[in-house]
Amino acid sequence: MRILASAPIVFLITSILAASALRAGDDPLPDVVAAAFGGIVSVRVHEGVKSPVLRNGRFLREPVEGLGAGSGVVVSADGFILTNAHVVAGSTDVTIGTTDGRLIGARVVSVDEASDLALLRAATGGLHPIAFGEDGPPGPGTALFVLGNRADLGPEVGWARMGTHARIRVGARPLEFWAEVLAPIGPGDSGGAVVDTAGHLVGVPSLLITYSAEAERADPRSSGLFIPARNARRAMNRMMEGPQAAWPWIGLLLDDPLIVQSQGGAWDPARGAVVRRVFTGSPAAEAGVLQGDRVVAIGTRPTGDNFEALDAVLDLKAGRETSITVERDGRRIDLKIVPAPRPADPRPDPIDDFALHTGLKLAKADGKDGRGSLALAGMSSRTRRDLPEYEAVLFDERPALVSILPGQNALAGLTRRLSVFSSGDLGQIIARCFVEEQFVALAHWDFGSRKTLDRAHVHRKVYPVVL
């Protein structure tokens, strides 16, 4: 499993001002791929969103309005189109453009933010659908093609190869399944199609990544991440059932490479799907699953890692009894469990959640006047590297976290920082730090000897692995 803890992540949407040339490969374009090209549409939206920014020491939410553009893949002749949720998020008007030059109005049928997919329907039919591939992502180096509206220049074809990573952990969505494609893709390709040499849909391109280790090179290697066709089709079927996809859950938060690394630890993928937290009142709690259990099967499906465990749970039906097999103290235990509807945003323990977004690990400590407090107990290597040197030296002194001004409060014009004495306090405050898809907080640290520091933490929201 590849973990993108040190790679910038960019959603592949674009403004209408962006432009970039797409270089075709030397290989000829197969006829079936040329035919599949007719199933790609450009997606233009008029959007109005507010983005949180830190300006002159204050958090503000600045309105951003304009035209956005992405891609879509036709999945039925009567006008259903699959795209990314982030392409149409906040949109008030949607227009699609076909490869034969038509501009057609479209409406948003359903949005599944959890998997970053959305379903549109064009105002007219007669479109050319692309057939879903039946298998999972192909082997590394397999020839592929990226079809999309790159830089809003209209649908184009990009020659590509399957990357070496068929499963990648990012933390950008609650229900994420990403695979790597090596291709000259860019903004505007989001929601398009990755197809094989038979013209079948292999996946939906969604993210652009640039590995930080190559950032200094004249030609840094950039890769794209796509949602595999099997996962995209499952989400599409869920969206067909209503304006928002409904998913099952059993109430387990798994040990996560992003959580472990954010606290300065090393991830061991050989451990498998290990339970880090059992949510109170969840189906798993009622079934008797315990923290530290290793999930080895859901129903009849073996679960060797987090991806297999999440994949198995998402195929369950809420309210229909199944079984979960866990390994505990060297013994395998079969438990009956009844999945329930998945809640909106199940979060980790507050100390884990804080580390996920700041790279700073907290632990209980003795506070002033005999009251408890939370103090720094460690940090991720990336956080230590990115801190200014004087701050890094200060944080080596293990300061106490005194208070936080959460983003929601700051944007509402409130300036009073909220005291942090326990993980319970921290949990209530963190819930108010999420602004859109950002974690926004101003933390006040006390180093003793009258040394204090206010540090702003602005980070994309990170989602844990929750079954």
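General observations
- Residue ID - farthest from residue 200 (Cα to Cα), chosen from residues in the range 53-100 that are small (Gly, Ala, Ser), over 23 Å from the mean Cα position of the chain (by Cα) and at pLDDT 75 or above: 97
- Criterion applied to 103, 153 was being at pLDDT below 85 and farther than 16 Å from residue 228 by Cβ, and the one residue passing it is 153.
- When residues in the range 243-278 are screened for being part of a loop (DSSP other than H, G, I, E, B), at pLDDT 85 or above, among the aliphatic types (A, V, I, L, M) and open to solvent by 10 Å² or more (accessible area, probe 1.4 Å), 2 of them pass.
- Count of the range 151-187 residues which are closer than 30 Å to residue 466 by Cα, in a strand (DSSP E or B) and either in contact (Cβ under 8 Å) with a residue 60 or more places away in the chain or open to solvent by less than 30 Å² (accessible area, probe 1.4 Å) (or both): 7
- Residue 330 meets all of the listed conditions (1) free of Cβ contacts under 8 Å to residues at least 40 places away in the same chain; (2) within 23 Å of the chain's Cα centre (by Cα) but one, namely (2).
- Among the numbered conditions (1) part of a loop (DSSP other than H, G, I, E, B); (2) open to solvent by less than 40 Å² (accessible area, probe 1.4 Å); (3) modelled with pLDDT under 85, the only one that residue 28 does not meet is (2).
- Selection over the range 188-202 of residues that are within 19 Å of residue 135 (Cβ to Cβ), open to solvent by less than 30 Å² (accessible area, probe 1.4 Å) and small (Gly, Ala, Ser) gives a count of 2.
- Taking the numbered list (1) closer than 28 Å to residue 174 by Cα; (2) touching a Gly at 6+ places or on another chain (Cβ under 9 Å); (3) open to solvent by less than 30 Å² (accessible area, probe 1.4 Å) in turn, residue 382 passes all entries but (3).
- Some residue of the range 239-262 being more than 30 Å from residue 121 (Cβ to Cβ) and over 24 Å from the mean Cα position of the chain (by Cα): no
- Checking 190, 206 one by one, the residue that is assigned to a strand (DSSP E or B), in contact with a helix residue (DSSP H, G or I) (Cβ under 9 Å, 6 or more places away or on another chain) and modelled with pLDDT of 85 or more is 206 and no other.
- The criterion of being out of contact with any Gly (no Cβ under 9 Å at 6 or more places or on another chain) and basic (Lys, Arg) holds for residue 450.
- Considering the range 106-136, and only residues there that are open to solvent by 20 Å² or more (accessible area, probe 1.4 Å), in a strand (DSSP E or B) and among the aliphatic types (A, V, I, L, M), the residue that is farthest from residue 41 (Cα to Cα) turns out to be 111.
- Of the candidates 304, 330, the single residue that is surrounded by 13 or more Cβ atoms within 10 Å (Cβ to Cβ), modelled with pLDDT under 95 and not acidic (Asp, Glu) is 304.
- Residues in the range 333-359 that are surrounded by fewer than 20 Cβ atoms within 10 Å (Cβ to Cβ) and more than 23 Å from the chain's Cα centre (by Cα): 333, 334, 335, 336, 338.
- When the range 407-420 is filtered for residues that are open to solvent by 40 Å² or more (accessible area, probe 1.4 Å) and either out of contact with any Ser or Thr (no Cβ under 6 Å at 6 or more places or on another chain) or farther than 21 Å from residue 350 by Cα (or both), the ones remaining, listed by number, are 408, 411, 412, 413, 414, 415, 416.
The values are calculated or read from the model by the stated rules, or taken from the named source; none is laboratory data. Only a predicted model underlies this, so the values are computations on that prediction, with no experimental measurement involved. All Cβ positions, glycine included, derive from the backbone under ideal geometry; neighbour counts span all protein chains shown. Note: areas computed on protein heavy atoms with side chains; ligands, DNA, RNA excluded. Shrake-Rupley method; radii C 1.70, N 1.55, O 1.52, S 1.80 Å.
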